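Here is the structure we will look at, set down as structure tokens.
The values are calculated or read from the model by the stated rules, or taken from the named source; none is laboratory data. This structure is a prediction, so every number in the text was calculated from the model and none was measured. Backbone-built Cβ (ideal geometry, glycine too); neighbour counts: all protein chains shown.
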Amino acid sequence: MSIQDSPAEQPVVRSATQAASSVFDVVEEEFSFADTTLTRMYAKHLSAVAVVAVDEEDRVLMINQYRHPVRSRMWEFPAGVLDDAQETMQEAAARELHEEADLTAETWSTLVDFHPSPGMSDEGIRIYLAQGVSEVPEAQRHTREAEESEIITRWVPLPEAVQAVLGGHLHNGVAVVGILALNALRHGGHTPRETSSAWQNHPRGFAV
């Protein structure tokens, strides 16, 4: 392998929580770097998972919902934060697929891992590939609330999704990364990793 991220730790001189919420805390830290001390503020995040569900026609399941910070209705993949310490990451992904898309899947693998904004947050997102999908029976479906109550689902052919990304029509980070990763998987001869694949230095302390 020619390139690979590696863990690095600089001595922290001071750390203070400036604001706290159920999903992330805003932390200010001073740390030693080279011959000086730097101060940085960042979001200490629970981290998240997402799911690229693929049907027998190699279409991807996308959902559309309102995102207030960017004032947009965005096409995305089912996703959610890791807010239950008792759930594995794959279990959390399966729950999100059930709750947001009314689907279950027989086969799971790890598609891609990434930090969406490492200059301002420690959030890590693992995107799973889910295949062998089937609909959740009507009586067992989750009752969606708030923004999720207006979720729209659509099966999108992969080439169409890729064109939407490259044409500048999709802007959700998870959607962009997931679509391009799946396209690379399909056309680059790559094999997806196991769901138990390690993620060194994941914010949660472990990656499964």
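Against the definition (assigned to a strand (DSSP E or B), under 14 Å from the mean Cα position of the chain (by Cα) and under 21 Å from ASP58 (Cβ atoms)), how does VAL112 come out, yes or no?
yes
Please go through segment 127-159 and pick out each residue that is touching a residue at least 12 places away in the same chain (Cβ under 8 Å), farther than 16 Å from ARG67 by Cα and of a type in the set (A, V, I, L, M).
The answer is ILE127, LEU129, ALA130, VAL133, VAL136, VAL156, LEU158.
Restricting attention to segment 163-208, and to residues there that are over 18 Å from the mean Cα position of the chain (by Cα) and hydrophobic (A, V, I, L, M, F, W, C), which single residue is surrounded by the most Cβ atoms within 10 Å (Cβ to Cβ)?
So in segment 163-208, the residues over 18 Å from the mean Cα position of the chain (by Cα) come out as 163-164, 166-169, 186-191.
Narrowing further to those that are hydrophobic (A, V, I, L, M, F, W, C): 164, 166.
On the way: ALA164: 17, LEU166: 13.
Per the stated criteria, the residue is ALA164.
Identify, please: which residue in segment 58-73 is in contact (Cβ under 8 Å) with a residue 60 or more places away in the chain and in contact with a Phe, Trp or Tyr (Cβ under 8 Å, 6 or more places away or on another chain) and is, among those, surrounded by the fewest Cβ atoms within 10 Å (Cβ to Cβ)?
SER72
Which condition number does SER22 fail, the rest of (1) among the hydroxyl-bearing types (Ser, Thr, Tyr); (2) surrounded by 12 or more Cβ atoms within 10 Å (Cβ to Cβ); (3) not assigned by TED's automatic domain parsing to the domain that holds PRO157 being met?
Against the list (1) among the hydroxyl-bearing types (Ser, Thr, Tyr); (2) surrounded by 12 or more Cβ atoms within 10 Å (Cβ to Cβ); (3) not assigned by TED's automatic domain parsing to the domain that holds PRO157, SER22 comes up short only on (2).
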